[in-house]
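What follows is calculated from the coordinates using simple rules that are stated; it is not laboratory data. Small disclaimer: the values here were computed from a predicted structure and weren't measured. Here Cβ is always computed from backbone atoms with ideal geometry, including for glycine, and neighbour counts include all displayed protein chains.
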Amino acid sequence: MIVRIMGEGQLDLSEADLDVLNSFDRKLEEAIETGDEAVFRVALHDLLAKVREDGSPLPDDSLQPSQYILPPPDASMDEVRAMLGDEGLIPESL
């Protein structure tokens, strides 16, 4: 699966990473629901760090579509809230 971090580029991750990424995504959603800025910052950082750690960067000129688009690390809680779908940033299944 291809994941884009806005402002950084695309990374290729295996579908096996989906469950782990969803656990990070749930923590991010919970922080947004409670309005806890400190927890939100940590959850966003952790999600993006996991994607960078597990993903293989694609070349900048790659034209592959992204299955998931994640906010940049400096995104506000309101910006991320606007990006959330019914199933969070990363849906439970492809």
Residue-wise, which Karplus ³J(HN,Hα) couplings in Hz belong to the stretch 72-78, taking 6.51 cos²θ - 1.76 cosθ + 1.60, θ = phi - 60°, and x for glycine or proline? x, x, 9, 5, 7, 4, 5
For the chain, longest principal axis from Cα atoms; helix 18-34 axis from its Cα atoms; angle between them, nearest 10 degrees, is 30 degrees
Give me the Kirkwood hydrodynamic radius of the stretch 32-87, using the inverse of the mean 1/r over all pairs of distinct Cα atoms, in Å to one decimal. 12.9 Å
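Return an integer: the convex hull volume of the alpha-carbon atoms of the chain, in Å³ per residue.
Numbers: hull volume 8.1 nm³, N = 94.
Taking the convex hull of the Cα positions in the chain, it is 86 Å³ per residue.
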Any chance you could run the full-extension gain for Ala82 through Ser62? It's 0.36 nm times the residue separation minus the Cα-Cα distance, nm to one decimal. 4.5 nm
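Sorted by mean Cβ packing within 10 Å, highest first, what order do the peptides 9-17, 56-64 take? Spell out each step's value before the answer.
Values: 9-17: 15.2, 56-64: 10.0.
Ranked from most to least packed, the peptides come out as 9-17, 56-64.
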Taking the 0 to 90 degree range and rounding to the nearest ten, how far is the long axis of helix 37-54 tilted relative to the main principal axis of the chain, both from C-alpha atoms? 20 degrees
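Calculate, for Ser14 and Val39, the FRET efficiency according to 1/(1 + (r/R0)^6) with r their C-beta to C-beta distance and R0 25 Å; round to the nearest 0.05.
Approximately 0.35, to the nearest 0.05.
For the chain, what does -39500 (n - 2.57) per DSSP helix run (n ≥ 4), summed and divided by total residues, give at 222 nm, in deg cm²/dmol to the nearest 500? Numbers along the way, then the final one.
Numbers: 3 runs with 42 residues, N = 94.
My calculation for the chain gives -14500 deg cm²/dmol from helical runs alone.
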